[in-house]
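Just so you know, all these numbers are worked out from the coordinates, no wet-lab data involved. As the structure is a computational prediction, the values presented were derived from the model and not from experiment. When we count neighbours, we look across all protein chains shown, and the Cβ atoms used for this are built from the backbone with ideal geometry, even at glycine.
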Amino acid sequence: MSINPELPISFSPTHRLQWEEAQQKDVILYPEGMVELNQSSAEILKLCDGTRNTSQLVTELEEKFSTSGLTNDVNSFLEVALQNGWIQQ
Amino acid sequence: MAGSNNKPTPPRWLLAELTYKCPLQCPYCSNPIDYAAHKSEINTEDWKRVLTQARKMGAVQLGFSGGEPLTRPDLPELVQHARQLGYYSNLITSGYGLTEEKIIQLKEAGLDHIQVSIQASTQELNDHLAGTESYQTKKEVAHLIKKHNYPMVLCVVIHRENIHQMTQILEMAEELGADYLELANTQYYGWAHTNRDLLLPTKEQFEEAEAIAQAYKEKVAGKMKIYYVIPDFYEDRPKACMNGWGTTFLTIAPDGVALPCHSARDLPGLDCPNVNDYSIEEIWNESKAFNFFRGNEWMKEPCSSCDEKEKDFGGCRCQAYMLTGDMYSTDPVCSKSPDRHVIKEALDSARESALSNDEKPLIFRNSKNSKRLS
């Protein structure tokens, strides 16, 4: 199972992405578990709302952070997220 | 209230044991044997205050448990309060009393997920172990949980009475469409400790069942996630109790007593505080009970010089107390423990019981037995 670059990416309906004030970071919550996210992972996941495919995601992030060359990092992270069931297509 | 030197890590997991009332009588229940003596329950406002205070400290995973949490009429109100605070809430239930109407009500109140227990893969064994006709209800509840778009978490406690059904249990979970299956090998506290001779599987039974479960894991990878809780009696290192005493988990019993773990009440001299006398912050940071086994200073040998002490913290204090009489000693599950022989004795005793022709009957969890045994 791998990311299909054509299809839009959605966040899993059985997980929840949430900012935790006490931890000063975003986390993913699911039955009996919690995953702490660094800032870049959180920014990627926030854009996974079923409307963007990978290239659209990369474009938007590059724009938002006035940078370029994010494709490889974003793709690597998305593969991990898919393996873990945090996102789906 | 004892002071502490460093600020401890904040609680992340709050277990709200709302009540000890339960329509089931499972003989492996982790509730205390003397639960019938603790009849008082803190009220709705007390629980809301506890939820608010714990959330402020950083608690985020919340379990509504008991007994059977559905017996509390204020459950939807508490769920709603939890949702407003931003908790990820889990209902840990037998399913008994969970009608479709109730599921809808809880969903609207903001409940995040439901973990339902089932005792066996057949009606006869399930109802025998639960002490109550409940099999059909549980299956129906599993179906309704999925119907209402909840992740379906099925919990099956494994012990000698049902371990032979391992394959059928896995198949049943798959058939019910479980997203998560927790195969919880019985932990010997409370009622499970009383019934240990009848519940502890033999090594052969345990190994066979584990092989079946591991193979099945691969078969359903991606569809159903299987959590396998090991029976530590067959390991040579203990479990990391509570992820470290007073570091992650906070349990509140029905009468408002705050506990670092399920059975802490049974440990002598801890003076577990009540939420109606102290704030959660005071309890977590300053109370004698929560500081009792924080850090490593309390450890005895071999734990104190052991290079694995940061990994498992010397194991379970309650188990050490129950099996060696000394709550500071190494958890006897550890092969380094000088008391390791008590584990062997427990295993031998269970095996002897399994092979005998007149095994004493299971003692079911109910008020009558609770009063009799206390």
- Mind ordering B:169-181, A:5-17 by average Cβ neighbours within 10 Å, highest first? B:169-181, A:5-17
- Hey, how many Å between the Cα centroid of the range B:177-232 and the Cα centroid of the range B:1-80? 25 Å
- Message: If Rh is defined by the Kirkwood formula over all Cα pairs and Rg also comes from Cα, what ratio Rg/Rh do you get for the protein assembly as shown?
- Response: 0.97
- Message: Within 10 Å of each Cβ in B:51-61, how many Cβ atoms from other chains are there, averaged over the peptide?
- Response: 2
- Task: Go through B:K7/B:K56; B:K300/B:K371; B:K21/B:K288; B:K203/B:K223 and tell me which ones have a Cα-Cα distance over 24 Å in this structure.
- Result: B:K300/B:K371; B:K21/B:K288; B:K203/B:K223
- Answer check: chain A, Cα atoms, Kirkwood Rh, Rg/Rh ratio of 0.95
- Note on the structure: Within 10 Å of the Cβ of an average residue in B:83-96, the count of other chain Cβ atoms is 2
- Query: Among B:255-261, B:352-358, how do they line up from the highest to the lowest mean number of other beta-carbon atoms within 10 Å?
  - Reply: B:255-261, B:352-358
- Please report the relative contact order for chain B, taking Cα pairs under 8 Å with a sequence separation of at least 6, and give it as a percent rounded to a whole number. 21 percent
- Item | Fraction of alpha-carbon pairs over 18 Å apart in the range B:58-113 - percent | 22 percent
- Shape descriptors of chain B over alpha-carbon atoms, Rg and Dmax in angstrom, are 20.3, 57
